[in-house]
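Enquirer: Please see the structure below; I have some questions.
The values are calculated or read from the model by the stated rules, or taken from the named source; none is laboratory data. Note that the structure is predicted; figures quoted are calculated from it, not measured. Don't worry about glycine lacking a Cβ; one is built from the backbone with ideal geometry, like all the others, and counts go over all protein chains shown. Keep in mind that these areas ignore ligands, DNA and RNA; they rest on the heavy atoms of the full protein, side chains included. Shrake-Rupley method; radii C 1.70, N 1.55, O 1.52, S 1.80 Å.
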Amino acid sequence: REARVYAVATAIFWAYPMLFARGLSEAISFTPAAWTWYWISSNASGVSKKMAFLAGIAGGATSILRYPSGLFAVGAALLEGKKNIRRLGIFSVGLACVVLLGGMLDLYFYDGWLRSLFRYWEFNRPGGRVSVLFGEDSLAVYYHLFDFLFSPILAPLALFVAVWALLLNRKLLAFLLPYLLAHLAIGHREPRFLLPLIPFAMAAVFVSLVTR
């Protein structure tokens, strides 16, 4: 039942870039992030090595599509490590496979191991060139995404319901927290940065209504 909920949220969300093409990489990175969450949550008993490995692969794929989305893999690793070290090890092997692939691609295209990652960090880090060029933004910038998606009238209610649902789904919140905190910490903020979080919040609302 929960898998169907995520399928619906994904289908709805994939239509969003058609309206706001600038957020395409953020929107696309949601899909492997959703698979990462699905595989670690479906493997709650820890009996499936395959699911732990696939979760690592999917977690790594988020960073291939957009480096900051790799923070979903950090949330997944924290959850896997809390369950047991062996699962974290299997997850890490899957993640390392994708990192290795990314490094090889960078070596071929940029003549340096993970060179694009270091360049991305230098450009986008707090106080980096992006902050110098575009300045520091208020956290209110993120609220504008709710205005756009739900209208100014319904935006406060949508935000309240999303926070309520995530607080009821603590494991999902822990999975999302590294990504969320990192994007709250940076100086240059744009509404599109929160795009991958929206379908997770939608799913949390649906799951909360169905299971409670």
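Rundown of residues vs (1) hydrophobic (A, V, I, L, M, F, W, C); (2) surrounded by fewer than 17 Cβ atoms within 10 Å (Cβ to Cβ); (3) farther than 22 Å from residue 99 by Cα, yes/no style:
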position: 115; (1), (2), (3): no, yes, no
position: 128; (1), (2), (3): no, yes, yes
position: 131; (1), (2), (3): no, no, yes
position: 134; (1), (2), (3): yes, yes, yes
position: 137; (1), (2), (3): no, yes, yes
position: 140; (1), (2), (3): yes, yes, yes
position: 164; (1), (2), (3): yes, yes, yes
position: 172; (1), (2), (3): yes, no, yes
position: 176; (1), (2), (3): yes, no, no
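Enquirer: Taking segment 42-86 on its own, how many of its residues are more than 13 Å from residue 32 (Cα to Cα) and crowded, with 24+ Cβ neighbours inside 10 Å?
Expert: Residues that pass the stated criteria total 3.
Enquirer: Here are some residues: 145, 159. Which one is among the aliphatic types (A, V, I, L, M) and open to solvent by less than 20 Å² (accessible area, probe 1.4 Å)? Before the answer, list the steps.
Expert: Values: 159 fails: open to solvent by less than 20 Å² (accessible area, probe 1.4 Å).
Among 145, 159, only 145 is among the aliphatic types (A, V, I, L, M) and open to solvent by less than 20 Å² (accessible area, probe 1.4 Å).
Enquirer: Check residue 123 against each of (1) open to solvent by less than 50 Å² (accessible area, probe 1.4 Å); (2) in contact with a Lys or Arg (Cβ under 6 Å, 6 or more places away or on another chain); (3) modelled with pLDDT under 90 and name the one condition it does not meet.
Expert: Only one criterion in (1) open to solvent by less than 50 Å² (accessible area, probe 1.4 Å); (2) in contact with a Lys or Arg (Cβ under 6 Å, 6 or more places away or on another chain); (3) modelled with pLDDT under 90 is unmet by residue 123, namely (1).
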